[in-house]
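What follows is a set of notes on a single structure, which appears directly below.
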Amino acid sequence: MHVIIYDRQPLIRDVLVPFFQQRHDKVINATGDEDDFIYSTVVFRPHLVVFDPAQLSHASLVKLIRLKRRYADMRIFAYAGDDSVYYLLRSLRLDYQAYMSKACPIEKLSSVLTALANNESVIFRHAKYAYHQRYPDRLIIQSLTNREMQMLRHLAAGKKNKTIAQELDISCKTVSTYKRSIMKKMQTSKISDVVDLAARNGFA
């Protein structure tokens with residue numbers, strides 16, 4: 001199996017590469033550079049892509065979604081440093097075959113790869129980690145619509161209404177409407193509270 005790995009943390013890459021090599025898989029590229037990751041995926045069309053969704057920009061996630069639609073046999077493995085990105089992936093409707101929290105024991109990787117080899121989907125979210133998230137945050141995030149969760153990511157990146165509107169192909173007025181809706185659900189009048197929510201839950 002040909003594999004491409006994207007993670008900005010060298011230690012994570014140093015763990016994953018030997019793991020795949022021991023299974024006699026070929027790691028085509030293991031990179032911490034976002035552009036290199038997307039380029040390699042386009043050029044080499046790997047059997048499996050392993051990446052941390054929290055470390056990719058919205059634009060790169062969209063490109064990955066398009067590549068997955070183009071290369072139906074390419075499998076996606078989200079190896080996430082923050083469980084809140086589970087909701088982000090759901091909002092973006094990325095067709096991923098495996099999701100695993102980095103809080104899970106590394107031994108779980110074998111189960112994930114076995115499932116992928118059998119064309120099965122698998123999700124390992126770390127229950128202990130999830131329950132230690134701020135309970136109000138979890139409730140708020142679960143109440144957000146798909147578009148509102150996309151909005152959180154843009155706000156956490158510090159983007160202005162005009163930039164968000166251009167990237168999502170909507171009007172500035174619609175951006176403001178989504179922001180007001182999120183603030184209403186949070187019961188706050190401060191946009192800074194929304195940005196803080198996004199940042200502490202891995203949307204940044």
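Fully extending the segment from Ala115 to Ile170 would add 15.9 nm, taking 0.36 nm per residue of separation and subtracting the current Cα-Cα distance.
In the structure shown, the pairs Lys26/Lys68; Lys159/Lys185; Lys160/Lys190; Lys102/Lys159; Lys68/Lys160 are assessed against 26 Å; a Cα-Cα span above that value is assigned to Lys102/Lys159; Lys68/Lys160.
Summed over qualifying helices (DSSP H, 4 residues or more, each -39500 (n - 2.57)) and divided by its residue number, the chain shows a 222 nm mean residue ellipticity of -16500 deg cm²/dmol. Taking the alpha-carbon centroid of each part, what is the distance from the range 144-204 to the range 8-65 in angstrom? Rounded to whole Å, the Cα centres lie 28 Å apart. In plain terms, the bigger the Kirkwood radius, the slower the diffusion; for the chain, with that radius from Cα pairs, at 20 °C and 1.002 mPa s, Stokes-Einstein puts D at 120 µm²/s. Close amide H contacts of Val122 (hydrogens built in the peptide plane, cut-off under 5 Å, sequence separation of 5 or more or a different chain): Ala98, Tyr99. Here the alpha carbons of the range 135-200 define both size measures, Rg and Dmax, at 11.0, 33 Å.
In straight Cα distance, which aspartates and glutamates are under 13 Å from Lys179, not counting same-chain residues fewer than 8 positions off? Within the straight-line cut-off, Lys179 pairs with Glu148, Asp193. Longest exposed-loop-site-free stretch of the chain, with GluC sites (Glu not before Pro), DSSP loop and at most 15 other Cβ within 10 Å? Answer - 1-106.
Taking 0.36 nm per residue of sequence separation and removing the Cα-Cα distance, the Leu139/His2 pair yields an extension gain of 45.4 nm.
Just so you know, all these numbers are worked out from the coordinates, no wet-lab data involved. Just so we're clear, the structure is a prediction, and the values are computed from it rather than from any experiment. All Cβ positions, glycine included, derive from the backbone under ideal geometry; neighbour counts span all protein chains shown.
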